[in-house]
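The values are calculated or read from the model by the stated rules, or taken from the named source; none is laboratory data. On a predicted model such as this, the values are computed, not experimentally measured, just so you know. Counting neighbours? That spans all protein chains shown, and the Cβs are built from the backbone with ideal geometry, glycine included. Accessible surface is based on the protein model in full, side chains and every heavy atom, while ligands, DNA and RNA are left aside. Shrake-Rupley method; radii C 1.70, N 1.55, O 1.52, S 1.80 Å.
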Amino acid sequence: KTLRFIRFNKAGEQLLGFSRDELLGKCDHDIFPKTEADYFSEKDRQVLCSGGALDVPEEGIQTRSRGRRILHTRKIPVCDSEGNPRYLLGISEDITEQKAAEDARRESERKYRAIFEYTGSASIIVDRNTTIQRCNSEWVYLSGYTHEELEGRASWTKFVVPEDVERMKAYHRDRRNEPSAAPRKYEFRFVRRDGEVRNMINCVGVIPGTDLSVASMIDITELKRAEAELIRHR
C-alpha cells in the first residue's frame with residue numbers, strides 16, 4: 001500500500017548502487033529524482049489497481065554510481081488468496097548498451113541510405129539469385145517501375161536485353177570467385193518498362209561478408225548517339 005521496498009535482489013543492488021539495507025523500507029521518492037519517482041509510482045499504482053501485469057519497454061533511471069541507465073521493466077501484481085493485488089513484483093533488465101548499439105546501427109543505416117540514395121547514378125543492391133533487394137530513386141526513374149514492384153520481387157535480368165544477360169551473369173560469377181577475373185565496369189543495354197532500350201555503363205562490386213552486390217549505372221545513350229552521328233559525318 002505504501003509502495004515501499006520489502007525485497008531486493010543482488011542485481012538490483014548492483015544496478016542502483018545502493019545496498020539492500022539502504023533500500024528496504026524506502027520508496028521511489030527516497031531514492032530517485034521527483035520526476036522519475038512520480039513516474040515509477042504512477043505505473044506501480046496502475047498495476048495494483050488493475051490487477052494486470054504491465055510491460056514498460058523502455059524507461060530511464062538515474063543510478064548512484066553508473067549514471068543514467070535505460071531499463072526494460074515488467075511489473076507483475078502478486079495477489080492474495082482472494083485474488084486481490086497485495087504486492088508488486090518489478091523485474092528490470094538493463095538495456096543501456098543494447099539501446100546504444102541499436103541507435104548506432106540506425107544512425108549508420110540512415111547515413112548508408114542517404115549515400116545510396118544520392119550517389120548521382122542509378123543504383124541497386126542484388127542478391128546471389130539476381131533479385132533486386134534495394135534500389136534508389138534514380139534506378140526507379142530509369143526503369144519506370146516503383147520501389148514496391150522492384151525490391152524483393154524483380155530480377156535485374158528483366159531489365160537487360162537477352163543478348164547481354166549471359167555475359168553479365170558470367171561477370172558476376174567470376175567476380176565472386178575471383179574479383180580480378182571480371183571487369184568492374186562494362187557496357188550493357190538496359191530495357192525500360194516502356195520497351196525503350198538505353199545504353200548503360202555499369203560499375204559492380206561485391207559487398208564484403210555478404211551475398212550481395214551493388215551496381216551503379218550511368219546512361220550513356222545520348223553519348224553513343226552523338227559518337228555515331230560524328231562518325232557518320234566524317
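Backbone geometry of segment 9-14 corresponds, through the Karplus equation with coefficients 6.51, -1.76 and 1.60 at θ = phi - 60°, to 3J(HN,Hα) couplings of 8, 4, 4, x, 4, 5 Hz, x marking Gly and Pro. Basic side chains Lys and Arg get +1 at the Cβ, acidic Asp and Glu get -1 at the Cβ, and with that the dipole of segment 1-88 about its Cα centre reaches some 240 debye.
Accessible surface calculations at 1.4 Å, restricted to protein heavy atoms, place the chain at 63 Å² per residue. Summing Lys and Arg as +1 and Asp and Glu as -1 over all other residues whose Cβ lies under 9 Å from the Cβ of residue 71 gives a net charge of -3. Give the cross-link partners of residue 185 among the lysines, using a straight C-alpha distance below 22 Å as the criterion and excluding same-chain residues fewer than 8 apart. Within the straight-line limit of under 22 Å, residue 185 reaches these lysines: 158, 169, 224. For segment 58-111, GluC sites (Glu not before Pro) are listed when DSSP marks them as loop and at most 13 other Cβ atoms sit within 10 Å of their Cβ; the list is 82. Length, then width, then depth: along the principal axes, the Cα atoms of the chain run 97, 36, 31 Å. Segment 148-183 and segment 188-206 have their alpha-carbon centroids 11 Å apart.
Taking amide H as placed 1.01 Å from N in the peptide plane, the amide H of residue 86 sits under 5 Å from that of 78, 79, 80, each at least 5 places away or on another chain.
Hey, any idea what % of the chain's accessible area is carbon plus sulfur with a 1.4 Å probe? Numbers along the way, then the final one.
Details: 7550 of 14690 Å².
C and S atoms contribute 51 percent here.
Please enumerate, by chain and number, the lysines with C-alpha under 17 Å from the C-alpha of residue 75, excluding those fewer than 8 residues away in the same chain. Within reach: 1, 43. Per-residue Karplus couplings for segment 188-202, computed as 6.51 cos²θ - 1.76 cosθ + 1.60 with θ equal to phi - 60°, are listed in order as 7, 10, 9, 10, 6, 4, 7, x, 5, 9, 10, 8, 10, 9, 10 Hz, Gly and Pro entered as x.
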